[in-house]
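Input: a single structure, listed below in structure tokens.
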Amino acid sequence: MELLDIFITLGFWGALVRMATPLIFGTLGELICERAGVLNLGIEGIMTMGAMVAWMWVYQGGDLWTAVLVAAGAGALFGLLHAIFSVYLGLSQHVTGIGVTLLAASLSYFVFRMLLPDVTTPPKIEPFRPYPIPWLSELPFLGEVLFTQSPLTYLAFLLVPVVAYGLYRTPLGLAVRMVGENPMAVEAQGIDVHRLRTAAVMLGSAFMAVGGAFLTISVFDAFYIGMINGRGWICIALVIFASWRPGKAFLGALLFAAFEALQIRVQQASSAVIPYQFFLMMPYILSILAMIVMSRRAAYPKALLVPFRKGER
Amino acid sequence: MTTVDKGGAPPCNRLSSLRYDPADATCGETMSISEVDEAASGSAGAQPVLRLQDITKRFGALTANDAISLELKSGEILALLGENGAGKTTLMSILFGHYVADEGHIEAFGQRLPAGSPRAAIAAGIGMVHQHFTLGENLTVLDNIVLGTEPLLAPRQNTTKARKRIAELAEHFGLVVDPKKLVRDLSVGERQRVEILKALYRGARVLILDEPTAVLAPQEVETLFATLKTMVAEGLSIIFISHKLNEVMAVADRVAVLRLGRLVAEFPIAGASKEKLAEAMVGRAVEMPEREPQPLGPVVLQMAGVTVTGDHGKPLLDELHLLLCGREILGIAGVSGNGQGALAALLSGLRLPDSGAFELLGETVKRTSPVEMQGRGVGRIPEDRHATGVVGDLTVEENLILEACGSPRFCSLGLLRGGVIRRNAREMIERFDIRGADPTTTTRALSGGNMQKVILARVLSEKPKVILANQPTRGLDVGAAAKVQELLFEARAQGAGIILISEDLEELLQVSDRIAVLYQGRLSTPVAVEEADMQTLGLLMSGHGEFQRQKGARGHAA
Amino acid sequence: MRLEPRAHVPFWLNITAPVGAIVLAFAFCALLILWAGAPVIESYAALLRGAFGSTFAITETLTRAAPLIFTGLAAAVAFRAKLWNIGAEGQLYAGALAATYFGTGLITLPPLLMIPLLFLVGAIAGGLLLLLPVILKLKLRVDEVVTTLLLNFIVLLFANYLLFGPWKDPMAMGWPQAAPIIDEGVLEPLVPRMRLHQGFLWALAFAVFAWAFIRYSKWGFQIRAVGHNPDAAAFAGIPIGATVLRTALLSGGLAGMAGVCELAGLKGYLTLDISPGFGYTGIAVAMLAGLHPLGVIASAIFIAAIYNGADAMSRAMSISNYLADVLTATALLLVLASVLFVRFRPRLR
């Protein structure tokens, strides 16, 4: 049957890995923020900003890797903004996040339009080419699927064990985990809670921005309005689905990417019967289902959403 | 051979060598215990290990600490005594660096202590066991102890070394605990051990304990005291915050008494008496309301064989038997966690028993909800006034009608009757002496005692027949506590039966007509307060004694 | 710096704090205008003219304000109960879809009945849509922020399907739009030859209703109590579940009515772009109004003015009209921060 055929094609698996990349960046980024006790609803806007900044950098003549750094920097900046409001001022993390998302997205669109006022088709740039890893890319199946991908994909895959190690095996990671459970414990050790949370949010936001940048400088080679298309929100659902663990986040991202890749191909195969819009709905429906499945027993970091006020005992 | 640094640096002792910091600059070499004794006896009494000088701290208009000067000598246990609100925790928080004093300074081991930095305090050898534990529940014991002891940017944690040191410390001081366990799976006593280990792990030479016995049974308290004496023998000095006179008498060498932010007395325990302490602590004569015996009314509440199961199938209440009559106060003693929560939940309308008979005023309770309980005449004073008692952001008049917002008196055709609500508030404020408030004051701005009065006003104005008073005076100063007790006596005189759950045995003995102990979900046979004594109660609280099993036992004096 | 809760909140502060924040937002956007190479004063002048400079401008601003009042109310009511309804956009479309279903010939009633009917079905559709995430929150602890958001995408795709598929109007020359609302269901214009329609009056009416409801009714009191401290409210006997469900129906209903307003008043037939993000902008409207239903009127008009003015400014000065979005988002964040100073008094250590 046609469905099985899809699973055999290399194209499907290659696309899966590619589509998982922004989800991996975004989910890891959000995971770090939430572990530290901060819900970062700015992710959708930050990913948009990362996408725009990276594309703009390359379009203005910069090189690709610097574009990644610049995007990360932009993300960190918005993370700092979020942290000032939610951590230092202790304001509602929900509203701050929504504000940051709206601001980052609208700023991206404004700057884009300002630099390219009369454009109907977004100009293209020269994106990351898939980089075949020597020798490994010769392998029969995995070679093309896993080892002939964009360098940013390799980065995403590497980031998973790095973040896991960082969280679970370093003193800093322990402090981050603790600050999301009981910030008072961290303060009693003389570690500045606000600074720690801010650092976590900035780092997480940098990851998110790189996830957005991947879409412009590695996949679509152009920036257009609305290109993030809800991936940020899906990442938030994925963090819950992953129980705030990097390894599970990785698997979750792959699972979702599988559905997305599948959806495109099934759509092509049976567009006559089921309208394509229903296929496009699938990632969102699945995200809701994922949350339903996992929320019941979810062990939220205890201090998530709780602002820490110094000297309040 | 031995390198005891002179000129101000603290003497190196065995505890420092156990400190997890190989780059410890103050420690030349490790010393044996006899060397420690020698060094300690040489410097004992010569120089206090801690000196607080003229510490003053203000919060707005409130002066929490007023020019307090205090010394801690090496190897002594100093008790810091005072009632709630006297400024004890504030003072210790300044010492540990959570707050910065407005005036004054602190010297630790002869050196000026930088203010406002827990890190500096830890480095100077000061450790603190907070009243509310600073533990991350979803993390392991090891994680909790090790947090912050390694440089933040170090690439790896050294878990093997840490585990070894913890095992050494644990064995040495008898504080056994499994490093791999998650904190949320530990008992309260075990959690406290982890807190103490945290301080010892960092090489604390001065240990501050803030109300450490609040959550312990009498036997656990004795174990704690034994541990403290061991620590002192090892060269530690201890400050112990408490408002419980018995404990202070039992374990302290010296006592410093704070009252309303000032140091009012300081003397050695030898030769002191409880009365002297109480007098120093309270100062002006506070009229504690007297309990007058009342003739018993009819039975208002009866529970027979009531079982309530918690998560994981553990029984929170285990075939509980309870009988309450009108015009009496039944005091429920017990270490928290033995079923008080479930008992309160039953009476609050938050759950039904899983089995057994539950009768209010003669009628079986079949369905339950807070509204149902209110309708049956149960008044409920919750344990935590901030979390479940009042809605801080609403005004006083709104909180006063929080329970009755749907009653025809305050609401007609779905609309609130503003005039009636305002008048009601004015009346309540006057009748219950709620200070610092008018009807439109935001409730969050009231003091703890006045907030409690709002809750009592709301509850008592409905003239309930059964009252659940759950820790009603916790965190209140003596004046406010007296007022609360007075109001309870008033309600009792008007016919109400009151279940008083309290951690404070002294209060229970003062206020109750009968006392029973809740242990692992079972209630002991209530005894008349005249026949009760601390020792038996203490034994019951740790499970030694008779707990009712048979049905219908009454326990009233004939 | 420490923050001490104020015992009494002086009324004037409730106004000056947000106003100060808005002024700061304008200052920040002035920097953006400079970056775009345009003169600041002239640009803001063009914005002002576009917003209020002629009868046409004023009516356009008020027209745009009408759906914003509805979605602003939806957000204000929900946020008061700490119900994070980010799904107003989807609920708006749901309302428009319901109104299209009933209003394009299925039922014919005289206008006096038809228009309220359309509002009613729109409200029910929006309310039911929000009910799903809220039930998930109450029963299964699923966070409603993400679920309401994701539902937006799903509803929009569904509308897309309907408009390109079964509901496509054969008379529309291939454009994806639905059949027009019957004449009896159209909201009449208020000013001759202008687009301002009765929907604006309905919006005002509902704002007053929402305010009275929150302030004076028992249910409104319960919503406020639950929003501030659900544990204390539950202990006192306030039914949390019922209160939150009521809030959901009210909030979703208001957002649904925004859809009806645009459909039956402005456009007359359903298209994909019937809402340029009114649902999300409604959040900003609510925050700027301090979640006060009457304040929502002023803040909706204000933000509508910004968007309208930005359109004019973009034509006059070649500055992208996304500036309106930037201005709104900046104002949102700054007003949020300013609220802190209303509730708390800052004190230096």
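The values are calculated or read from the model by the stated rules, or taken from the named source; none is laboratory data. These numbers come from a predicted model, not from an experiment. Because the Cβ atoms are built from the backbone with ideal geometry, glycine has one as well, and the counts that use them run over all protein chains shown. What goes into the accessible areas is simple: the full protein's heavy atoms, side chains included, and nothing from ligands, DNA or RNA. Shrake-Rupley method; radii C 1.70, N 1.55, O 1.52, S 1.80 Å.
Listed values, structure above:
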{"read-out": "Which of C:HIS292, B:HIS130 is most accessible, then next, and so on - probe 1.4 Å", "value": "C:HIS292, B:HIS130"}
{"read-out": "Phi to ³J(HN,Hα) by Karplus 6.51 cos²θ - 1.76 cosθ + 1.60 over segment A:81-94, Hz, x for Gly, Pro", "value": "4, 4, 5, 4, 6, 8, 8, 6, 8, x, 7, 3, 5, 4"}
{"read-out": "Kirkwood hydrodynamic radius (C-alpha pairs) into Stokes-Einstein, the protein assembly as shown, 10 °C and 1.306 mPa s, D in µm²/s", "value": "47 µm²/s"}
{"read-out": "For segment A:60-77, Karplus couplings with θ = phi - 60° (6.51, -1.76, 1.60), whole Hz, Gly/Pro x", "value": "7, x, x, 9, 5, 5, 5, 4, 4, 5, 5, 4, 4, x, 4, x, 4, 4"}
{"read-out": "Neighbourhood charge, 15 Å Cβ-Cβ cut-off, centred on C:SER338 and excluding it, Lys, Arg +1 and Asp, Glu -1", "value": "+3"}
{"read-out": "Max mean-square fluctuation residue, GNM over chain A, Cα-Cα springs under 10 Å, options A:TRP13, A:TRP55, A:TRP135", "value": "A:TRP135"}
{"read-out": "Formal net charge of residues neighbouring C:VAL134 (Cβ-Cβ distance under 15 Å; K, R +1; D, E -1)", "value": "+4"}
{"read-out": "Selected from C:PRO230, C:PRO176, C:PRO166 as most flexible by GNM, with chain C as the system and alpha-carbon contacts under 10 Å", "value": "C:PRO166"}
{"read-out": "For A:232-243, mean number of other protein chain Cβ atoms within 10 Å", "value": "3"}
{"read-out": "Nearest-20 debye value, segment B:182-295 charge dipole, Cβ charges on Lys, Arg, Asp, Glu", "value": "400 debye"}
{"read-out": "DSSP-defined beta bridges in the protein assembly as shown - what % are antiparallel, rounded to 5", "value": "60 percent"}
{"read-out": "Residue-normalised accessible area of segment C:211-308, expressed per residue, 1.4 Å probe, Å²", "value": "27 Å²"}
{"read-out": "Exposure rank, largest accessible area first [B:ASP143, B:ASP102; 1.4 Å]", "value": "B:ASP102, B:ASP143"}
{"read-out": "B:GLU290 paired with C:LEU34, simple spin-label distance in nm, labels 7 Å along Cα-to-beta-carbon", "value": "7.9 nm"}
{"read-out": "Scattering profile of chain B at q = 0.06, 0.07, 0.11, 0.12 Å⁻¹ [log10 I(q)/I(0), Debye over alpha-carbon scatterers]", "value": "-0.35, -0.48, -1.08, -1.22"}
{"read-out": "Three-way shape label, segment C:72-302, alpha-carbon gyration tensor, a/c 1.5", "value": "prolate"}
{"read-out": "Note, ³J(HN,Hα) from phi for segment A:242-247, Karplus 6.51, -1.76, 1.60, rounded to Hz, x at Gly and Pro", "value": "8, 6, 6, 10, x, x"}
{"read-out": "Signed unit charges on C-beta, dipole axis of chain B, positive-most listed residue B:SER369, B:GLY127, B:LEU152", "value": "B:SER369"}
{"read-out": "Charge dipole (debye, nearest 20) of segment C:187-305; +1 at Cβ of Lys and Arg, -1 at Cβ of Asp and Glu", "value": "200 debye"}
{"read-out": "Prolate/oblate/rounded call for segment C:1-124, Cα gyration tensor, a/c under 1.5 rounded", "value": "oblate"}
{"read-out": "Extension gain from A:LEU289 to A:THR121, taking 0.36 nm per residue of separation minus the Cα-Cα distance", "value": "56.9 nm"}
{"read-out": "Complex-versus-alone comparison for segment A:145-179, residues with a loss of 20 Å² or more in accessible area, probe 1.4 Å", "value": "A:TYR165, A:ARG169, A:THR170, A:PRO171, A:LEU172, A:LEU174, A:ARG177, A:MET178"}
{"read-out": "Loop GluC sites (Glu not before Pro), segment B:273-342, which have at most 13 other Cβ atoms in a 10 Å radius of their Cβ (DSSP)", "value": "B:GLU287, B:GLU290"}
{"read-out": "Options B:LEU245, B:VAL300, B:VAL221, ranked by Cα towards positive dipole end of chain B, top entry (Cβ charges)", "value": "B:VAL300"}
{"read-out": "Positive dipole terminus of the protein assembly as shown, leading residue within A:LEU174, A:LEU77, C:LEU340 (C-beta point charges)", "value": "C:LEU340"}
{"read-out": "Accessible area per residue, Å², chain B with all protein chains present, probe 1.4 Å", "value": "42 Å²"}
{"read-out": "Normalised contact order of chain B, rounded percent, pairs of Cα under 8 Å and 6 or more residues apart", "value": "14 percent"}
{"read-out": "In nm, spacing of pseudo-spin labels at C:SER217 and C:ALA27 (7 Å Cα→C-beta vector)", "value": "4.2 nm"}
{"read-out": "Quotient of C-alpha Rg and 2.2 N^0.38 Å, computed over segment C:21-66", "value": "1.32"}
{"read-out": "Cross-link partners of B:LYS180 among lysines (Cα-Cα below 30 Å; sequence separation of 8 or more within a chain)", "value": "A:LYS248, A:LYS302, B:LYS161, B:LYS164, B:LYS198, B:LYS229, B:LYS314"}
{"read-out": "Within-13-Å neighbourhood charge of B:GLY449 [Cβ basis; K, R +1; D, E -1]", "value": "+1"}
{"read-out": "Share of alpha-carbon pairs per 5 Å distance bin for segment B:386-436, given as whole %", "value": "4, 20, 27, 25, 16, 6, 1"}
{"read-out": "Computed [θ] at 222 nm, deg cm²/dmol, the protein assembly as shown (DSSP H ≥ 4; -39,500 (n - 2.57); rounded to nearest 500)", "value": "-16500 deg cm²/dmol"}
{"read-out": "Long-range tail of P(r) for segment B:122-243 (Cα pairs > 24 Å, %)", "value": "22 percent"}
{"read-out": "For A:LEU91, distant residues with modelled amide H under 5 Å away", "value": "A:SER86"}
{"read-out": "Cα centre as origin, Lys/Arg/Asp/Glu Cβ charges: chain C dipole, Debye", "value": "1280 debye"}
{"read-out": "Highest-fluctuation residue, A:ALA222, A:ALA299, A:ALA104 considered, GNM on chain A with Cα pairs under 10 Å", "value": "A:ALA299"}
